[in-house]
Structure formats: C-alpha cells, structure tokens
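Here is the structure we will look at.
Each reported figure results from applying straightforward, stated rules to the coordinates on display, with no laboratory input. Keep in mind it's a predicted model, so treat the numbers as computed, not measured.
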Amino acid sequence: MDAVRPIRTPEKERAAEFVHRLQAWGAALIFAGSGLLPLDWASAIGGGVARLIGPFLGISERARTNLRRAFPELSDREVERHIAAMWDNLGRVVAEYPHLRKIRVFEPGGRVETHGFEHLDRSLATGRPMIIFSGHIANWEIGMLAAVQHGIPIAQIYRAANNPLVDRMITRFRGDAGELIPKGVIAARRAIAVLRSGAHLAMLADQKMNDGIPVPFFGRPAMTTSALAALALRFDCDVLPARVERLGGTRFRLTIFPPVPLPRSGDHHADIAELMARVNATLEEWIRDRPGEWLWVHRRWPD
C-alpha cells in the first residue's frame, strides 16, 4: 500500500516559506560576518562557536549514537571529544564559504598540500572519463575547487540544501566551480550528458540514498547511491578517490589516490554492489583515521 503523502496546504506552504526566510537571514548574517573577517579568524571563530553550542543541540544525539555503533570501544569521554571536533570542523566549513574563491589550491607554500595528482593526470592522458569521489570530510569543497583550478572540465552531483535560499547563497560562494548538478530526477540524465561530452564527474558518496542499495559501511548495511558505480561501469570510467584532511586551522591536505579497480564479473548488479563496497570501504578508512572530521549527524543508516 502506498504511503499517504502529507497535504501541503497554502497555510503550510506560507509557514515553510517564512521559516526558510528566517533561516536565510540568519545564514546571511553569519556569512556576511565571516566574509568581513580574515579567513583564519573567521574559521577559528566559526569553529569555536560551533564547538561551544553544537554538542548541546538535539541533533548531536544522533551523532553520539552513530559514533558508539561505529566505534563501540570508545569511552564516553572519547565520544564527546569527537563530537566537539566534528562541530568545530563544521563551524569552520560554514565560516570558510565566503572565502572559497580566495583559496588557491596550487599556490606554492599556500593553504593546501597536494599529493597524487599524477594519478589524475595519467587518467586525463588516456582520454578516459573520470569520476572523482570524496565524502563530507574536513572542508569537502577543496576537492572540487582543486579540480576546477587544475583546468579539468568537471561537473559535481551534490545534494542541495533543504532551504533553497541558503542553497543559492552557497552556490554563489562556490563561484566558477564547474557545473553543479543537484540530486534528483534530472541528475542521471545530466550526468550521462556530461560523460558523453568528454567531461568528468565529482561526487560526495557518503550520504544515505533511500532509493540506493544496501552496502556495508562500518559493519552495517547503509543505503548507498548506485549511480557512481552504474555510470563508471557503463562509461568505463576511472574512479579516483580524493581525500581532504584538515591539517590545522585553514591548512589542508588533498590527496588523489590511484583508480579503484572496476569489477567485471559479468553480473552487472553484483559488479555495482562490489564497486560501491570498495567506495564505502575507502571512505570508512578515512573516517576511522580522523573521526572528528566527518559529519556524524547525518542519518546514514536506516536504524
């Protein structure tokens, strides 16, 4: 039996619009204040405020549950340390948005260490399409920023913010950061068109997809997008992991790893599941190494 969808009355729509406007005003004030400050100050203040307030918000209970299930060996004190670090990183990311255009990834002695770009250049030299994946780790915008500044024709599939007004603000901060394709009904068609045109795709592959497939993640099935694997197998793409780490303050390390081998068993569905298992295992390894830099508040698992 189909689920009954809630009826959106004009009153509910007006109320939702009012809430969106309030949220957008608050976000605009935060972004404006951060933009007026030097990047290092803005990031430090954003991280400090979020670290102070975030652990007391109700949504942090979900983060605590996720952390305890992923790391059952952790003490309560260690869990709280990771929760505080997560909020510190998230506050920094928010405060860094108005400064994104100023970050020059390949500037010698700059804010970003880069490693492994020979793997990306080797894939470019073959003429094969690429899918570069990462997760909501450290400042996840650095990877897309680097691809664009490296001169790669690329489009990013992303999950738009629930508030369309806030989403438009964030999109403006990204500037000329390649094509942005919001997840939804047109994403698959647009992604196919991008790969057929000879351009490449970037994806943050760590979020729950209700219409995805169950793939192991921290020892439990997690609904995971199958689009990355389906596209990679269809277009014979090089699938490159791109890891961002926060080295302290507003300094980062971006590492591109060799392509993940594409399974070719002859069973298409099994190959999709296997490739996504490899993607999830890569993300899990990064998160285990730096738990405080991942977004634990996301409802990643069905339970």
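Computed quantities for the displayed model
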{"quantity": "Helix-only mean residue ellipticity at 222 nm for the chain, each DSSP H run of n ≥ 4 adding -39500 (n - 2.57), per residue, nearest 500", "calculated": "-15500 deg cm²/dmol"}
{"quantity": "Gain upon complete extension [Glu118, Arg253; 0.36 nm per residue less C-alpha separation]", "calculated": "47.1 nm"}
{"quantity": "Kirkwood-based Rg to Rh ratio, the stretch 1-134, C-alpha trace", "calculated": "1.09"}
{"quantity": "Distance histogram in 10 Å bins (all Cα pairs of the stretch 149-303, percent per bin)", "calculated": "9, 35, 41, 14, 1"}
{"quantity": "Per-selection Rg to Rh, the chain - Cα, Kirkwood hydrodynamic radius", "calculated": "0.96"}
{"quantity": "Candidate aspartates and glutamates for bridging to Lys183, where Cα separation is under 19 Å - those fewer than 8 sequence places away on the same chain excluded", "calculated": "Glu141, Asp167, Asp206, Asp211"}
{"quantity": "Shape of the stretch 123-198, Cα gyration tensor, a/c cut at 1.5", "calculated": "oblate"}
{"quantity": "For Leu180, residues with placed amide H under 5 Å, excluding near neighbours", "calculated": "Gln156"}
{"quantity": "Cα centroid of the stretch 135-149 to Cα centroid of the stretch 204-222, whole Å", "calculated": "21 Å"}
